[in-house]
Amino acid sequence: MGNEFFPLIIFMGIAVPEIVLGSSLLSMFVQVRAPLGFTTILLSHIAFGTPFGVQFVATFQLPPAALFHT
């Protein structure tokens with residue numbers, strides 16, 4: 001399970017629509033009474049962009065032949 005859990009979490013960040021992720025993060029920030037502003041926007045953008053960055057980096061760690069395998 002350990003080897004499958006991390007990729008699943010990364011893929012969930014890509015699979016969840018942006019509106020759902022945004023409203024969930026807003027709800028979380030309101031629940032923890034975080035002051036809404038630049039910091040919460042920055043954290044939300046980091047949470048949104050991290051899965052795409054991880055997937056991009058993971059793609060280029062494959063051997064070049066695997067990228068073009070059909």
The number of residues in the range 5-37 that are assigned to a helix (DSSP H, G or I), within 16 Å of the chain's Cα centre (by Cα) and of a type outside the set (A, V, I, L, M) is 9
Within the range 6-44, of all residues that are surrounded by fewer than 12 Cβ atoms within 10 Å (Cβ to Cβ) and of a type in the set (S, T, N, Q), the one farthest from residue 55 (Cα to Cα) is 31
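Each reported figure results from applying straightforward, stated rules to the coordinates on display, with no laboratory input. Fair warning: this is a prediction, and the values are worked out from it, not measured in the lab. Heads up, the Cβs are rebuilt from the backbone with ideal geometry, glycines too, and the neighbour counts pull from every protein chain shown.
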